[in-house]
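Comments concern the structure below.
Read the figures in this text as sums done on the coordinates, not as results from a lab. Model, not experiment: these values are computed from the prediction. Methodologically, a virtual Cβ is constructed for each residue, glycine included, from the backbone with ideal geometry; neighbour enumeration extends over all protein chains shown.
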Amino acid sequence: MGKQEELHPLAWRSASTIDLHECSSAVAQTILRLTLEELDSGARTSCDIIVITGRGNRSGEGGAVLPDEVRSFLIEYGGPEITEIPQNPGCFLLTLDSIVKW
């Protein structure tokens, strides 16, 4: 079990799906950073990874925060390229190709 599973055990639905929509922004970013570190070191096998942030339907008056903050974090961190899933704005894909290139 990786550190991110210990941090939020329900976030990893499978080896290829991270569900962050119940996490705070800080926890979500930490889980992603730890996951990227494990991918980079070879401690986690690279594959297509679906990242679920939710759409923000239950967010307060300010609207959705997590989807934008998670995407911004990956861009600022210099992480793999994000592939949007048009039919589901509550998640995105980190393809194996983008992870390998990263």
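If packing is taken as the average number of other Cβ atoms within 10 Å across a peptide's residues, how do 44-54, 78-88, 12-22 rank, most packed first?
Numbers: 44-54: 18.1, 78-88: 12.6, 12-22: 16.0.
Descending mean neighbour count gives 44-54, 12-22, 78-88.
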>> Above 19 Å lies some portion of the pair distances; for segment 17-102, what is it as a whole percent of all C-alpha pairs?
In response: 33 percent
